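The values are calculated or read from the model by the stated rules, or taken from the named source; none is laboratory data. Predicted model only: the values in this text are computed from it and were never measured. Ideal geometry is used to build each Cβ from the backbone, glycine not excepted, and the neighbour counts take in all protein chains shown.
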Amino acid sequence: NGRPVFIVARKGAASAGLESFPHRIVDLGDIHTASKALREAGCRELVFIGKIGRPRPSELRFGWRNIRYMPRIMKMIMGGGDAGQLHKLAAFTESIGFQVVGVTDVAPELLAPLGILGACQPVEADRRDLAQGWRIADRLGELDIGQGCVVVRGRVLAVEAAEGTDAMLERVAGLGPWDGAGILLKKSSSIQDSRMDLPVVGPRTVELAIRAGLGGIGLEAGKTIIHDLETVTGLADRAGLFISGLAGEGGELSDTAHQQG
């Protein structure tokens with residue numbers, strides 16, 4: 001959106017594209033260095049990008065400058081579900097002087113639109129699976145379990161938990177193939193902080209759905225990040241896989257195609 005950015009990346013997790021931006025790479029747990037770099041760059045707002053995992057205590061590198069943060073950080077990572085962890089992380093971030101903002105605020109163009117993305121359309125059986133998957137994913141979110149599930153012609157094959165979407169789809173592939181039947185449904189959790197943990201779908205997600213033999217992917221419109229939309233829809237179109245942005249009670253499906261570019 002034209003605003004200047006400064007990136008703080010975790011050592012060992014930064015991508016090659018980072019070199020194009022002003023940045024600082026820090027050890028996991030080095031709050032002092034990270035916050036100092038952000039303040040020196042004039043940052044007041046902070047966007048969390050990528051998977052926010054739950055590190056093991058042995059992975060943290062506090063150093064003496066971070067001793068005062070240790071009790072809160074350890075309490076954050078050792079107890080509760082993901083929703084509680086993210087709320088605590090947001091509160092901690094704001095307590096040290098930074099406002100947490102979400103992707104919806106700074107890059108809404110990355111979010112899934114409502115309707116069909118690409119050239120392929122769901123059939124009536126797919127629509128029923130989408131509606132069932134929406135209800136299941138909604139409940140998973142309420143229970144702080146995960147953000148996705150796989151439904152094949154009314155049968156729930158898998159639900160996402162701590163292993164993530166990729167591992168779930170690999171598990172589904174081992175149960176199939178499903179020959180173009182069934183769907184992956186991704187939906188945000190109603191109890192998690194939407195500034196920090198929206199569902200994400202990218203080329204890898206589509207490749208694994210294709211490998212599993214699924215017929216399509218349903219995404220919560222406006223609350224699912226699509227990484228590399230052009231590649232995602234290209235892969236799906238070539239494989240005959242539909243991708244649908246959903247909203248409303250029961251996953252109401254719009255039949256209006258989303259026009260790219």
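Annotations
- Conditions (1) over 15 Å from the mean Cα position of the chain (by Cα); (2) surrounded by 15 or more Cβ atoms within 10 Å (Cβ to Cβ); (3) hydrophobic (A, V, I, L, M, F, W, C); (4) closer than 30 Å to residue 4 by Cβ: number failed by residue 86: (1)
Every residue, every condition in (1) over 24 Å from residue 14 (Cα atoms); (2) among the aromatic types (Phe, Trp, Tyr); (3) in the same structural domain as residue 200 (by TED's automatic domain parsing); (4) at pLDDT below 80, yes or no:
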residue: 39; (1), (2), (3), (4): no, no, no, no
residue: 48; (1), (2), (3), (4): no, yes, no, no
residue: 53; (1), (2), (3), (4): no, no, no, yes
residue: 58; (1), (2), (3), (4): no, no, no, yes
residue: 61; (1), (2), (3), (4): no, no, no, yes
residue: 66; (1), (2), (3), (4): no, no, no, yes
residue: 76; (1), (2), (3), (4): no, no, no, yes
residue: 80; (1), (2), (3), (4): yes, no, no, yes
residue: 91; (1), (2), (3), (4): yes, no, no, no
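- Selection from segment 85-121 of residues that are under 19 Å from residue 49 (Cβ atoms) and polar (S, T, N, Q): 85, 93, 99, 104
- One residue from 2, 29 being modelled with pLDDT under 80 and either assigned to a strand (DSSP E or B) or under 24 Å from the mean Cα position of the chain (by Cα) (or both): 2
- Residue in segment 96-108 that is touching an Asp or Glu at 6+ places or on another chain (Cβ under 8 Å) and at pLDDT below 80 present: no
- Meets criteria (among the aliphatic types (A, V, I, L, M) and exposed (fewer than 15 other Cβ atoms within 10 Å of the Cβ)) for residue 158: no
- Residue match in segment 162-170 (condition: touching a residue at least 40 places away in the same chain (Cβ under 8 Å), in a loop (DSSP other than H, G, I, E, B) and more than 20 Å from residue 211 (Cβ to Cβ)): no
- Residues that are touching a residue at least 40 places away in the same chain (Cβ under 8 Å), more than 15 Å from residue 138 (Cα to Cα) and either under 12 Å from the mean Cα position of the chain (by Cα) or assigned to a helix (DSSP H, G or I) (or both) within segment 171-192 comprise 172, 173, listed in sequence order.
- Test for residue 184: is it touching a Gly at 6+ places or on another chain (Cβ under 7 Å) and at negative phi: yes
- Segment 23-36: number of residues that are of a type in the set (A, V, I, L, M) and farther than 14 Å from residue 65 by Cα: 1
- Among the residues of segment 100-119, just one is closer than 21 Å to residue 234 by Cβ and charged (D, E, K, R), namely 109.
- Among residues of segment 181-232, those that are closer than 22 Å to residue 83 by Cα and among the β-branched types (Val, Ile, Thr), counted: 6
- For segment 146-181, residues that are closer than 17 Å to residue 191 by Cβ, aliphatic (A, V, I, L, M) and modelled with pLDDT of 90 or more total 1.
- Among the candidates 141, 118, 102, residue that is closer than 30 Å to residue 72 by Cβ, in contact (Cβ under 8 Å) with a residue 12 or more places away in the chain and either in contact with a helix residue (DSSP H, G or I) (Cβ under 9 Å, 6 or more places away or on another chain) or of a type in the set (Val, Ile, Thr) (or both): 141
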